[in-house]
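The values are calculated or read from the model by the stated rules, or taken from the named source; none is laboratory data. Just so we're clear, the structure is a prediction, and the values are computed from it rather than from any experiment. Cβ atoms come from the backbone with ideal geometry, glycine included; neighbour counts cover every protein chain shown.
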Amino acid sequence: MKSFKIDSPGAQLSPDEIEAFELSVGAHLPDQYRSFLSATNGGSPAEGRSWVKLKRGWIGSNWICVDFFYGISRSDVRAYELGRIWKTFRARVPKDFLPIATDSYGNQILIGLQGSREGSVFFWNHEQEIAPVLIAKSFDAFLGELQSAPS
């Protein structure tokens, strides 16, 4: 995993906690995301590095702001625990995707769990519920695209 700072990271996760979550969703987490989750257990992007521009498929300037990365066990922000988010969205997001973060409007940042989309990161509009829009081909590439402000 590339170096990426998180404000308010969660408590350190054990490999058993991550494996238990994987069993609950019925899929192995992509390695880059698994490493990030193990190191941070979610949190907010630090130093204002929360903006990413979509290449297509959104309104206005196509800029979105990542508000929070979900964690597995977050007693400080239970609403942002992956298990709760999965239960909320699993019937709504397309099959083989997992919500991993939210933008400031409640739209979801998804990661592909299987097939040709495995490990790729997507934007999903929670109101229109249309096909996810590709942001980056890998989780590390996604983190690398996050920047301090729209340019």
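Does residue 31 qualify as being farther than 20 Å from residue 88 by Cβ, within 15 Å of the chain's Cα centre (by Cα) and surrounded by fewer than 16 Cβ atoms within 10 Å (Cβ to Cβ)?
Working: farther than 20 Å from residue 88 by Cβ: yes; within 15 Å of the chain's Cα centre (by Cα): yes; surrounded by fewer than 16 Cβ atoms within 10 Å (Cβ to Cβ): yes.
Against the criterion (farther than 20 Å from residue 88 by Cβ, within 15 Å of the chain's Cα centre (by Cα) and surrounded by fewer than 16 Cβ atoms within 10 Å (Cβ to Cβ)), residue 31 qualifies.
State all residues of the stretch 19-47 that are hydroxyl-bearing (Ser, Thr, Tyr), more than 17 Å from residue 138 (Cα to Cα), part of a helix (DSSP H, G or I) and out of contact with any helix residue (DSSP H, G or I) (no Cβ under 8 Å at 6 or more places or on another chain); if no residue qualifies, say none.
40
Just for the stretch 70-93: of the residues that are small (Gly, Ala, Ser) and modelled with pLDDT of 90 or more, which one is nearest to residue 13 (Cα to Cα)?
Narrowing the stretch 70-93 to residues small (Gly, Ala, Ser): 71, 73, 75, 79, 83, 91.
Imposing the further condition that a residue be modelled with pLDDT of 90 or more reduces the set to 71, 83, 91.
Working: 71: 9, 83: 14, 91: 27 Å.
Ranking the candidates gives 71 first.
Could you please let me know if residue 78 is touching a His at 6+ places or on another chain (Cβ under 9 Å), surrounded by fewer than 20 Cβ atoms within 10 Å (Cβ to Cβ) and free of Cβ contacts under 8 Å to residues at least 40 places away in the same chain?
Values: touching a His at 6+ places or on another chain (Cβ under 9 Å): no; surrounded by fewer than 20 Cβ atoms within 10 Å (Cβ to Cβ): yes; free of Cβ contacts under 8 Å to residues at least 40 places away in the same chain: yes.
Criteria not met by residue 78.
What are the residues in the stretch 34-59 that are of a type in the set (Lys, Arg) and within 14 Å of the chain's Cα centre (by Cα), if any? Show your work before the answer.
The first filter runs over the stretch 34-59 and keeps only residues of a type in the set (Lys, Arg), leaving 34, 49, 53, 55-56.
If the condition is that a residue be of a type in the set (Lys, Arg) and within 14 Å of the chain's Cα centre (by Cα), then 34 is the only one that fits.
If we keep just the residues of the stretch 94-112 that are of a type outside the set (Lys, Arg) and over 17 Å from residue 69 (Cα atoms), which is modelled with the highest pLDDT?
Going residue by residue through the stretch 94-112, those that are of a type outside the set (Lys, Arg) are 94, 96-112.
Filter once more, keeping what is over 17 Å from residue 69 (Cα atoms): 94, 96.
On the way: 94: 90, 96: 93.
Among those that are of a type outside the set (Lys, Arg) and over 17 Å from residue 69 (Cα atoms), it is 96.
Give the residue that is farthest from residue 89 (Cα to Cα), with candidates limited to residues of the stretch 123-142 that are among the polar types (S, T, N, Q) and surrounded by 15 or more Cβ atoms within 10 Å (Cβ to Cβ). Break it down into steps so the answer makes sense when it comes.
Initially, the stretch 123-142 is screened for residues among the polar types (S, T, N, Q), giving 125, 128, 138.
Among the residues that remain, those that are also surrounded by 15 or more Cβ atoms within 10 Å (Cβ to Cβ) are: 125, 138.
Values: 125: 12, 138: 22 Å.
Filtering first and then ranking leaves 138.
Within the stretch 1-18, how many residues are outside any loop (DSSP other than H, G, I, E, B) and surrounded by fewer than 14 Cβ atoms within 10 Å (Cβ to Cβ)? Please lay out each step first, then the result.
Restricting attention to the stretch 1-18, the residues satisfying the condition of being outside any loop (DSSP other than H, G, I, E, B) are 6-7, 15-18.
Then drop every residue that is not surrounded by fewer than 14 Cβ atoms within 10 Å (Cβ to Cβ), which leaves 7, 15-16.
The qualifying residues number 3.
Pairs please, first residue from the stretch 18-42 and of a type in the set (Lys, Arg), second anywhere and crowded, with 16+ Cβ neighbours inside 10 Å and in a helix (DSSP H, G or I), Cβ atoms under 7 Å, 6+ apart in sequence or on different chains.
Pairs found: 34/18.
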